[in-house]
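Below you'll find the structure, written out as structure tokens, and then a few comments.
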Amino acid sequence: MKLPIVCPSCDHTLNVSQMKCPNCTTEVSGDYELPVILKLNRDEQEFILNFFLSSGSIKEMAKQADLSYPTMRNKMDDLIQKIDVLKN
């Protein structure tokens, strides 16, 4: 099951209110903001993972995705801009 990150009613980012340990069933309740990485959609999270797995090489990512370097660089710049907005 996918973790919902956006309110289905108003599109606002959801907060975490409860977590449960599957091993001992301990429960933690509160009102916690999601980490920035979890506020990104699946494609954006996958992009970051691929960047990491390619040792931070945009050139390698572009090659693997069969895209030009400038296209991949633009995707990276767009994601950086979105993360900057989410952090603040």
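Values in this text are rule-based calculations from the coordinates and carry no lab data. On a predicted model such as this, the values are computed, not experimentally measured, just so you know. Quick reminder, even Gly has a Cβ in these numbers, built from the backbone with ideal geometry, and neighbours come from all protein chains shown.
Quick one: which residues, 5 or more positions from SER54 or on another chain, have an amide H under 5 Å from its amide H? H modelled 1.01 Å from N in the peptide plane, none for Pro or chain starts.
Amide H to amide H, under 5 Å and 5 or more residues apart or across chains, SER54 pairs with nothing.
Would you list which lysines come within 27 Å of LYS20, measuring only between C-alpha atoms, while excluding same-chain residues fewer than 8 positions from it?
Here the lysines satisfying the reach criterion relative to LYS20 are LYS2, LYS39, LYS87.
When ranked by the protection proxy of mean other Cβ atoms within 10 Å per residue, highest first, what sequence do the peptides 54-62, 77-85 form?
54-62, 77-85
With everything on Cα atoms, drop me the angle between helix 69-87 and the longest principal axis of the chain, reported from 0 to 90° to the nearest 10.
Around 30 degrees separate the two axes.
Calculate one ³J(HN,Hα) per residue across region 27-33 by plugging θ = phi - 60° into the Karplus curve 6.51 cos²θ - 1.76 cosθ + 1.60, and present them in order as whole Hz with x for glycine and proline.
These are the phi-based 3J(HN,Hα) values: 10, 10, 10, x, 10, 10, 6 Hz.
Could you quote the convex hull projected area for region 37-87, Cα atoms only and averaged over all directions, in nm²?
3.3
Give me CYS24, CYS7 sorted ascending by neighbouring Cβ count inside 10 Å, so fewest comes first.
In increasing order of surrounding Cβ atoms, one gets CYS24, CYS7.
Tell me, what HN-Hα J-couplings in whole Hz come from the Karplus equation 6.51 cos²θ - 1.76 cosθ + 1.60 at θ = phi - 60° for each residue of region 2-10, using x for Gly and Pro?
6, 6, x, 10, 10, 5, x, 8, 10
Please list, in order along region 46-62, the HN-Hα scalar couplings obtained from phi with the Karplus expression 6.51 cos²θ - 1.76 cosθ + 1.60 (θ = phi - 60°), rounded to whole Hz, x for Gly and Pro.
3J(HN,Hα) across region 46-62, in whole Hz: 5, 4, 5, 4, 5, 4, 4, 5, 8, 6, x, 9, 5, 4, 5, 4, 4.
Counting only residues 5 or more places away or on other chains, whose amide H sits under 5 Å from the amide H of LEU34 once H atoms are built in the peptide plane?
Those qualifying (amide H under 5 Å, at least 5 residues apart or on another chain) are VAL16.
Let me see the pair-distance distribution of region 1-77: every alpha carbon pair, 5 Å bin width, integer percents in order.
Taking every Cα pair in region 1-77, the percentages come to 3, 13, 17, 16, 12, 13, 12, 8, 5, 1.
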